[in-house]
Amino acid sequence: MSKPKREYTTEFKQKAVELSYARGNAAEVCRELGLNRSVSVLGRWRMGAKNTERTVFDRRAT
């Protein structure tokens, strides 16, 4: 059986991105926050924030 998809709030995503830039280590932040797919999810959020595409934060990302 597959696990249900986790949904994250926009605020959570923004804080995770800020924390990853502040620490300079996205993998460490992912482990601390319990992000399942590690850097791939946070990487999408970071790219979206960098390109100011708010749709990345607004859509339901797993």
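Counting only residues that are modelled with pLDDT of 85 or more and assigned to a helix (DSSP H, G or I), which one in the range 27-40 is nearest to E11 (Cα to Cα)?
Within the range 27-40, the match that is nearest to E11 (Cα to Cα) is L33.
So the check is Cβ under 7 Å with 6+ separation or different chains; which pairs have a first residue in the range 10-30 that's open to solvent by 20 Å² or more (accessible area, probe 1.4 Å) and a second one that's in a helix (DSSP H, G or I) and among the hydrophobic types (A, V, I, L, M, F, W, C)?
What qualifies is T10/F57; Q14/F57; L19/V29; R23/V29; A27/V39.
The values are calculated or read from the model by the stated rules, or taken from the named source; none is laboratory data. Because the structure is a prediction, the values reported are computed rather than measured. Cβ atoms come from the backbone with ideal geometry, glycine included; neighbour counts cover every protein chain shown. Keep in mind that these areas ignore ligands, DNA and RNA; they rest on the heavy atoms of the full protein, side chains included. Shrake-Rupley method; radii C 1.70, N 1.55, O 1.52, S 1.80 Å.
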